[in-house]
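Each remark here refers to the structure printed beneath this line.
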Amino acid sequence: MSGREIARAVGISHVNCNRSLQELSQHGLVKMRKTGRSILYSLNREHILVDEILLPLFLKEKRIFLSLTKTILSPLSGPKTISILLFGSQIDEKRARPDSDFDVLCVIHDETNLRKFKSEISRSEAQVERKFGNRLSLLIMKRNEFLRRRRKRDPLLLEIEEQNRLLFGKHFREIK
């Protein structure tokens, strides 16, 4: 990626980003390659810090969402939900804090027994807090309610549609 692309992705000025990339390059963690008028940067996968610390850390970060999903779904006995979406501060870099709740929207089938579902998923809340150190803040909607609120352009659902991460099932716009 170019320095500008990296700066945009990380949310910092391209001047500060280029300065940091040049320093990382001097230490051997990043490779620089000139292509036309641009300089492209990539991780030096042969560097011990990249190979033994950064890449395994990136893999673990990917797996954390899979683990969160399994923890949420494990106590459910009936049909799994239609969709589980993570939204809010945990996926918004500007608002994220280590103690932020996991805001989760569960869209369930209309015929699901809501009382039973809430009882089962409450066990997930305790497990998530023990395992991740963050509270689970659940928003549970039956499919028809979700579709009605989406048609009426509910502000909360508009916000969730704008920024969410699919943990399980159908994407926001696929729910019909």
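The values are calculated or read from the model by the stated rules, or taken from the named source; none is laboratory data. None of these values were measured; they are calculated from a predicted model. Glycine also receives a Cβ, built like all others from the backbone with ideal geometry; neighbour counts cover every protein chain displayed. Quick note on the areas: whole protein, heavy atoms, side chains included, nothing else; ligands and nucleic acids left out. Shrake-Rupley method; radii C 1.70, N 1.55, O 1.52, S 1.80 Å.
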Legend entry - Scan of region 141-165 for residues that are open to solvent by less than 50 Å² (accessible area, probe 1.4 Å) and aliphatic (A, V, I, L, M), ordered by number: 141, 147, 157, 160
Inset, instruction - Please state which of the following conditions residue 101 fails to meet, knowing it meets all the rest: (1) open to solvent by less than 40 Å² (accessible area, probe 1.4 Å); (2) under 14 Å from the mean Cα position of the chain (by Cα); (3) of a type outside the set (Gly, Ala, Ser); (4) at pLDDT 85 or above. - result: (1)
Inset, instruction - From 23, 61, 111, 46, grab the single residue that is within 27 Å of residue 172 (Cβ to Cβ), open to solvent by 20 Å² or more (accessible area, probe 1.4 Å) and modelled with pLDDT of 90 or more. - result: 111
Legend entry - Pick from region 18-64, criterion more than 26 Å from the chain's Cα centre (by Cα), free of Cβ contacts under 8 Å to residues at least 24 places away in the same chain and part of a strand (DSSP E or B), ranking: nearest to residue 126 (Cα to Cα): 31
